[in-house]
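Q: Below: one structure in structure tokens.
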Amino acid sequence: MTAEKRLKNIGHDRVRIDGQLKVTGTAPYAFEQPAKNPAYLFPITSTIAKGQIKSIDLSAARAVPGVLTILTHENALRLLAKTDTELYILQSPEVHYWGEYIGAVVAESQEIARHAASLVKVEYEPVDEGGDTLFRSDHPDQYMPLRINTGAPSDTSQGDVDQGMLQAPVTVDEIYSTPYEHHNPMEMHSVIAEWDKEKLDGLLSILGERPHLKIHDASQGVSFS
């Protein structure tokens with residue numbers, strides 16, 4: 001969309017297809033789509049930043065009634081290509097970052113899957129590469145970019161904060177903290193995947209049926225999915 005078209009939209013009423021559903025609270029999220037006899041997956045994530053998985057004890061999790069299967073790098077299907085490293089999971093015992101998916105529990109309910117995942121015991125062999133993750137003003141490698149991603153100067157100054165605080169009739173001096181947030185705060189990350197078969201039409205009908213996968217995905221970046 002050009003800048004001219006964007007300006008024409010400002011100040012004008014635009015009807016969104018999903019607008020009424022959202023403002024009335026009736027818009028179904030991906031997780032709320034109906035599915036027949038669903039199984040629920042809950043991830044097992046790494047608790048170290050880098051290293052190797054030495055062992056995974058699944059005995060307690062497997063003993064939980066309602067657990068259907070548990071996936072790890074030891075039994076997951078092998079991916080044919082490593083085209084996207086973020087999606088290349090459960091392929092080796094290597095751990096590349098904290099919170100990486102290293103396994104998943106599949107169960108008859110979300111509660112069972114979550115509980116069983118908490119019972120999995122993982123032994124690691126951490127690798128300490130001397131990472132430097134602390135921000136400090138005297139860091140020898142620090143630098144200030146000349147401009148930020150909008151093209152504006154990276155270092156600007158406007159007004160006098162100290163003078164403004166002195167002149168303000170009321171000031172509030174408090175420390176606030178916020179919980180961890182992802183960039184899609186309206187909806188939890190979730191996917192409903194339904195495997196089925198579809199009949200082929202036309203010339204391909206001689207082949208009968210082919211596998212069919214329908215996905216309901218919680219994504220605001222549809223074109224990048």
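Q: Using beta carbons and a limit of 8 Å, which pairs, at least six apart or on different chains, have the first residue in segment 115-144 and surrounded by fewer than 11 Cβ atoms within 10 Å (Cβ to Cβ) and the second one part of a strand (DSSP E or B) and β-branched (V, I, T)?
A: As it stands, the answer is E123/I53; E123/I56, since those pairs meet every condition given.
Q: Which of the strands (runs of 3 or more DSSP E) found entirely inside segment 1-113 contain at least 1 residues meeting this: open to solvent by less than 60 Å² (accessible area, probe 1.4 Å) and more than 25 Å from I215 (Cα to Cα)?
A: Working: elements: 40-45, 51-57, 67-72, 101-107.
Answer list for segment 1-113: 51-57.
Q: Here's something else I'd like to know. Restricting to segment 56-101, what's the tally of residues that are over 14 Å from I44 (Cα atoms) and among the hydroxyl-bearing types (S, T, Y)?
A: Adding up the residues that qualify gives 5.
Q: Sticking with this one: Only one of S46, S92, S109 is more than 30 Å from D132 (Cβ to Cβ) and not aromatic (F, W, Y). Can you tell me which?
A: Numbers: S46 fails: more than 30 Å from D132 (Cβ to Cβ); S92 fails: more than 30 Å from D132 (Cβ to Cβ).
Sole residue among the options that is more than 30 Å from D132 (Cβ to Cβ) and not aromatic (F, W, Y): S109.
Q: Further question: Considering each of T156, T133, T171 in turn, give the residue that is part of a loop (DSSP other than H, G, I, E, B), under 25 Å from G51 (Cα atoms) and among the β-branched types (V, I, T).
A: Just a single option satisfies the conditions, and that option is T133.
Q: Now a separate question. Is it true that L80 is among the aliphatic types (A, V, I, L, M) and at pLDDT 90 or above?
A: No, not satisfied.
The values are calculated or read from the model by the stated rules, or taken from the named source; none is laboratory data. Fair warning: this is a prediction, and the values are worked out from it, not measured in the lab. Backbone-built Cβ (ideal geometry, glycine too); neighbour counts: all protein chains shown. Protein only, heavy atoms only, side chains kept; ligands, DNA and RNA dropped before computing areas. Shrake-Rupley method; radii C 1.70, N 1.55, O 1.52, S 1.80 Å.
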